Amino acid sequence: MLRNIRTEALIALLLLVPFFAVYGLVFIYPTIQMFITSFTDAPLIGAGKWVGVDNYIRLPKDRLFILSLWNTGYFVLLSVIPGTFIALLVALGVNRLSGWLQTTVLALFFLPYILPVAVVYFLWDWILNFQFGVGMHVLDFLGMERSPVFKTTTWFMPAVALVTIWWTAGFSFLLFLAGIRAIPPEIYEAAALDNSGPWRTFRMITWPLLWPITALVLTIQLILQLKIFDQVYLFSTGGRPNDTMVMVQYIFTRAMVNNQGGRAAAIAVTLFVIVIVISVFQYQLLRMAGGSERK
Amino acid sequence: MNYATLQRWNLFGGIATVLTVVFALLWIFPIYWGIVTSLKPEDEVIRPAIELWPDNLTFEHYSNALFNTQLGLWYLNSVAVAVGVTIVTIVSSMLCGYVISQLQFPGRKLLWWLIFASFMVPIQTLIISHFELIAGLGLLNTWAGIILPQLIHPVIIIVYKQFFDNVPKDFREAAVMDNASELRILLKVFIPMNWGITTALAIVVFIWTWNAFLWPFLAVTQSEMMTVPVGITQVNDNFGVYYARQLAAAILAGLPVALTYLIFQRQVTQAITLSAGIKG
């Protein structure tokens, strides 16, 4: 069919006006601004003097920056792998159910993911309350000493990781379930003919075929948890926020509390680069996962 | 399959089913416990034993949260912000997805690349620039100020493009023959054919926005402009901590999204799976 390229380009441009307006204003402009600010000594609001890479040179010597980097990594380690593992187990279990039972159990596992972080915070702050929390009975049962977990530096990250897994595993679980359902049933029928037991079937069929999804879930979770702020911030109020600082929280603290926009921007750029590098890697995985799914 | 293997599968299946159901009940327990606690009088709340049902059921904490706090205002703010973000995101993403999927123009590849790249950018790192921008526009403590930085959802554009790509070419060609304008083709052909995915995407954008914490938390300093999730964490009673009251407020904060999910389970599941790049 004959197409008038010129009119078509004009129409395209017209239809893209809302997109360009939004992305230009709150995405492209702020991103460029962040990079520029990171080379200045600007306060939170207003311009600053150009200081070159000073803000970056300071980072390795900044104790709180190193700590926030370390805490973020520690949190990622505590949440990503166990969370993915639990989501996989649950998906395998739910996949075996059928009818209303499956629908109900699926909803029960997914519901926490749909809640606002503030709700998750209040639920768990109450459950792990030092004086009256039901969670303390679990510690008693395990023979451990009761402790105010969110006010203890040692317990803070594991506890927040536990809460985060509870909150976000539903998402990974859905992806695993989609992956399991995409495996053609004929493969299992063939395995059954071969007298394959549950463990062997999982190890030889389900696990290898799910590997692309597993890799995808791991990287999505990794990126998501690197950007953690909400839970850590909420649970650390009244605790020791300086000991449990994570990267986004440090950007927030430098900018909003210390009024140092330039130094905050340098931290933001660092996190930005880390996330982009991992995302490019994830994109490659996604292409692999998509490729194997389409067959 | 021989008899021994079959027996092994049956035993395994039974155990797996029981374990899954028990684990599901444990998983939902924190929510159940929050609800039960919110229905107990304060003196019952702090008893050391685990009481799974209140002795004296009370709704006083709910009426307190609804009538003695600014929750009503916060609901209004949350609804306005979530609806605003949803409408702008869906409309602009739909147009953009259509243009990339159906039209030919110079720079199309570049635009697609830009959208994909923006998918990777951690929005949280932009908080400083966003704050400066919104403050500069004089929009702190306004709905518009809370809405603007939350409009970046490139994944919605990507999903729309994929769905529009799957519309058979004949439909568009027939419409073009009839001299229909592009906007008309989008409205009369592409959107009606993709109504299901539009509903699903709108629902999850609404849920994401309702749940957002970091930006609404930064953009608002006046308690009467807060969204629900920010409001309940920032405003405390002046006289000590009342667990049941806090939990009642928290449950009211989560109720709209929980109900939305329970009503639109299929759509939510589909849109969330698609947003991760997997065909649901």
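I'd like the distance between the alpha-carbon centres of region B:64-127 and region A:196-236, rounded to an integer number of Å. Cα centres, region B:64-127 to region A:196-236: 27 Å. For the protein assembly as shown, dividing the convex hull volume of the Cα atoms by the residue count gives 176 Å³ per residue. Pairs of C-alpha atoms in region B:1-100 farther apart than 20 Å represent 70 percent of all such pairs. If you wrap the tightest convex hull around every Cα atom of chain B and split its volume per residue, you get 214 Å³.
Extending 7 Å from Cα along the Cβ direction at residue A:155 and again at residue A:204 yields two label points whose distance is 4.7 nm.
When you filter the trypsin sites (Lys or Arg not before Pro) in region A:41-88 for DSSP loop state and at most 13 other Cβ atoms inside 10 Å of their Cβ, you are left with A:49.
Each part reduced to its alpha carbon centroid, region A:15-46 and region A:128-145 end up 47 Å apart. For chain A, the membrane-span-like helices by this rule, meaning whole DSSP H stretches whose C-alpha atoms cover at least 24 Å of axis and whose Kyte-Doolittle mean is -1.0 or above, are A:63-96, A:153-181, A:207-226, A:261-294; this says nothing about an actual membrane. Note on chain A: with charges restricted to the Cβ of Lys and Arg (+1) and Asp and Glu (-1), its dipole about the Cα centre is near 500 debye.
For chain B, set up a Gaussian network in which alpha carbons nearer than 10 Å are linked by springs, and say which option among B:24, B:144, B:16 fluctuates the most. Comparing B:24, B:144, B:16 in the GNM, the peak value goes to B:16. Straightening the chain between residue B:76 and residue B:262 buys 64.8 nm, computed as 0.36 nm per residue apart minus the Cα-Cα spacing.
Peptide A:227-235 is shielded by partner chain Cβ atoms: per residue, an average of 3 of them sit within 10 Å of its Cβ. Debye-formula intensities of chain A, expressed as log10 I(q)/I(0) at q = 0.08, 0.11, 0.17 Å⁻¹, are -0.51, -0.88, -1.34 (one equal scatterer per alpha-carbon, no solvent). Among A:157, A:34, A:245, determine the one that fluctuates most according to a GNM of chain A built with springs between C-alpha atoms less than 10 Å apart. Among A:157, A:34, A:245, the largest GNM mean-square fluctuation belongs to A:34. Counts of other chain beta carbons within 10 angstrom of each beta carbon in peptide A:122-135 average 5. Dividing the summed -39500 (n - 2.57) terms of all DSSP H runs of n ≥ 4 by the residue count of chain A sets its mean residue ellipticity at 222 nm at -22500 deg cm²/dmol.
Rounded to the nearest 10 degrees, the inclination of helix B:243-263 to the longest alpha-carbon principal axis of chain B is 30 degrees.
Shape class for region A:16-84, computed from the alpha carbon gyration tensor (a ≥ b ≥ c): oblate, with a/c not under 1.5 and a/b at or below b/c. By how many degrees, between 0 and 90 and to the nearest 10, does the Cα long axis of helix B:195-211 differ from the longest principal axis of chain B? The answer is roughly 40 degrees. Between the beta carbons of residue B:32 and residue A:281, assuming R0 = 45 Å, the FRET efficiency works out to 0.70 to the nearest 0.05. Take every pair of alpha-carbon atoms less than 8 Å apart whose residues are at least six positions apart; their mean separation over the length of region B:16-76 yields a relative contact order of 26 percent. When chain A is treated as a GNM with alpha-carbon contacts under 10 Å, the residue of A:175, A:224, A:16 showing the greatest mean-square fluctuation is A:16.
Read the figures in this text as sums done on the coordinates, not as results from a lab. Everything quoted here is computed from the prediction, not taken from an experiment. Neighbour counts run over all protein chains shown; Cβ positions are idealised from the backbone, glycine included.
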